[in-house]
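The values are calculated or read from the model by the stated rules, or taken from the named source; none is laboratory data. In this text, all values refer to a predicted model and were calculated from it rather than measured experimentally. Here the Cβ is made from the backbone with ideal geometry for all residues, glycine too, and neighbour counts use every protein chain on show. Remember, those area values only see protein heavy atoms, side chains included, never the ligands or the DNA or RNA. Shrake-Rupley method; radii C 1.70, N 1.55, O 1.52, S 1.80 Å.
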Amino acid sequence: MMAGELALAALAILLASLLALVLSHFLPLLLKPKAPRGSFGWPLVGETLRFLAPHASNTLGGFLEDHCARYGRVFKSHLFCTPTVVSCDQDLNHFILQNEERLFQCSYPRPIHGILGKSSMLVVLGEDHKRLRNLALALVTSTKLKPSYLGDIEKIALHVVGSWRQQAAEGSKEDSGGGRVVAFCEEARKFAFSVIVKQVLGLSPEEPVTARILEDFLAFMKGLISFPLYIPGTPYAKAVQARERISSTVKGIIEERRSPGSCKKGDFLDVLLSSNELSDEEKVSFVLDSLLGGYETTSLLISMVVYFLGQSADDLDLVKREHDSIRSNKGKEESLTSEDYKKMEYTQHVINEALRCGNIVKFVHRKALKDVRYKEYLIPSGWKVLPVFSAVHLNPSLHGNAHHFQPCRWEGSSQGTSKRFTPFGGGPRLCPGSELAKVEAAFFLHHLVLNYRWRIEGDDIPMAYPYVEFQRGLPVEIEPICPET
């Protein structure tokens, strides 16, 4: 009898739990009937799995196409275990980004905090974020056109592209096509990491500590985009551990810099150490944020440019002519300058178009701080809000032939961020290092187009998971334009 009663009690608890789950999932639909139209999907998971389904990054994906067609460009859903308003509208996106900390607030899923750390610029709020971002802007402003920075970029670019010449020569002995296939995404990451670790920590690629940081950083990156399950051996757990090791390494470098007789290197870390506004933990997080932004965004941007130019011979020819013209006015070994960068006008069009088509950042996470009325929409207090940048970038009413790569569309238009072009976000959280990524991509492209021809091997495409990557690492067959004899 007692066993039967226990079984009934357990069943009652189970049924009550299921009922509570269903009610908590659908109750917002009843309490907030004036929210935008949409659907919530299944209890607990909602529509998250469909929203995150992989798709080509230069498309909206099935979920957004279906929901925009059914409900309009602003709709409600249930994503990341939370009632959500999804915006594919340029005006509402702009309104959300410009009202940070007034009506909306950054709200990334909790597991992201566990990897990035509580002091990361990506997750801190209010005055803490403003203080960190102002420091980042000051560093970027003082760095972006500094001769030593430009010299470092060019030196590293020459080292990376120069290493292919021997590879291509070896490949030509085996391949009648005279080329050699390289995993371009890996080469772009090698370049981007070498540049950012030099600027932030003053380290060269050859130093053992650089290799150690890179190894931990790769584990960190894999966990950042993994399922957030902290069990020993999982990518998420390895990422948290990798962050701790990187933090320990950076703290060791900081202690070394503070020791008597230590020489200044003129890098970001020197500036950080001269600041009394940040704690040591904030300084370590700032270094990690800088490495993250300078590594992943820049390398992916360069890969996108190479991918799209590899499919557009006419645009590649225009880029090559531009860089031929710049090089023709310089000595053979003369370095590029800030004035040369300003002459790379069509290159900037190509970079902007690669950002628009490739959609490195698909959306950002925000939360409504109060009930917000915008036009005919009500965004309920506490709901997650997702401004989807890719939906604006690929909107044919805003960009003619939106799904085609056409750099010429940027001729005569502003190169800055606008309502219809937000590749690096906007408002108070606009990425402070966006201009550095463009400078590095332009300098790398200069030496690439002047020294090599290339074609994409196979049918690799950029996929949104929602993070963006090339499934096969973008294999590219390269061939020197003027091979050494």
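Looking at the structure I just gave you, is Trp383 out of contact with any Phe, Trp or Tyr (no Cβ under 9 Å at 6 or more places or on another chain) and open to solvent by less than 40 Å² (accessible area, probe 1.4 Å)?
Yes.
Got a sec? Which of Ser381, Ser413 is assigned to a loop (DSSP other than H, G, I, E, B) and in contact with a strand residue (DSSP E or B) (Cβ under 8 Å, 6 or more places away or on another chain)?
Ser381
Could you identify the single residue in Pro407, Pro428, Pro396 that is in the same structural domain as Lys343 (by the TED database) and of a type outside the set (Gly, Ala, Ser)?
After applying the criteria, what remains is Pro428.
Please go through (1) surrounded by 14 or more Cβ atoms within 10 Å (Cβ to Cβ); (2) of a type in the set (A, V, I, L, M); (3) within 21 Å of Cys185 (Cα to Cα) for Leu272 and return the number of the only condition it doesn't satisfy.
Result: Leu272 fails condition (3) only.
Answer yes or no as to whether Lys375 is buried (at least 18 other Cβ atoms within 10 Å of the Cβ), at pLDDT below 95 and either within 30 Å of Asn99 (Cβ to Cβ) or outside the structural domain of Tyr295 (by the TED database) (or both).
Criteria not met by Lys375.
Would you mind telling me which numbered condition in (1) open to solvent by less than 20 Å² (accessible area, probe 1.4 Å); (2) outside any strand (DSSP E or B); (3) out of contact with any His (no Cβ under 9 Å at 6 or more places or on another chain); (4) closer than 26 Å to Ser418 by Cα Val85 fails?
With (1) open to solvent by less than 20 Å² (accessible area, probe 1.4 Å); (2) outside any strand (DSSP E or B); (3) out of contact with any His (no Cβ under 9 Å at 6 or more places or on another chain); (4) closer than 26 Å to Ser418 by Cα applied to Val85, the lone miss is (2).
Just need a number here: residues in region 434-469 that are open to solvent by less than 50 Å² (accessible area, probe 1.4 Å), in a loop (DSSP other than H, G, I, E, B) and modelled with pLDDT of 90 or more.
1
When only residues in region 287-335 that are part of a loop (DSSP other than H, G, I, E, B) and open to solvent by less than 40 Å² (accessible area, probe 1.4 Å) count, which is nearest to Leu122 (Cα to Cα)?
The extreme case among them is Gly310.
Regarding Pro387, is this residue in contact with a Lys or Arg (Cβ under 9 Å, 6 or more places away or on another chain), part of a loop (DSSP other than H, G, I, E, B) and within 29 Å of His129 (Cβ to Cβ)?
Against the criterion (in contact with a Lys or Arg (Cβ under 9 Å, 6 or more places away or on another chain), part of a loop (DSSP other than H, G, I, E, B) and within 29 Å of His129 (Cβ to Cβ)), Pro387 does not qualify.
Kindly indicate whether any position in region 182-194 is over 20 Å from Ala464 (Cα atoms) and part of a loop (DSSP other than H, G, I, E, B).
Scanning region 182-194 turns up no residue that is over 20 Å from Ala464 (Cα atoms) and part of a loop (DSSP other than H, G, I, E, B).
Can you tell me which residues in region 139-168 are basic (Lys, Arg) and outside any helix (DSSP H, G or I)?
Residues satisfying the conditions are Lys144, Lys146.
State which residue pairs qualify: first residue under 10 Å from Val74 (Cβ atoms) and inside region 86-99, second residue part of a helix (DSSP H, G or I) in any location, beta carbons under 6 Å apart, and separation of 6 or more residues or different chains.
Qualifying pairs under 6 Å: Ser87/Asn93; Cys88/Cys68; Cys88/Ala391.
Could you grab me the full set of residues in region 69-82 that are farther than 22 Å from Pro43 by Cα and open to solvent by less than 40 Å² (accessible area, probe 1.4 Å)?
Gly72
Any idea which of (1) surrounded by 22 or more Cβ atoms within 10 Å (Cβ to Cβ); (2) part of a loop (DSSP other than H, G, I, E, B) is the one Gly425 doesn't satisfy?
(1)
Being part of a loop (DSSP other than H, G, I, E, B) and surrounded by 15 or more Cβ atoms within 10 Å (Cβ to Cβ) is the filter here, so list the residues in region 257-269 that pass it.
Of everything in region 257-269, just one residue is part of a loop (DSSP other than H, G, I, E, B) and surrounded by 15 or more Cβ atoms within 10 Å (Cβ to Cβ), namely Asp267.
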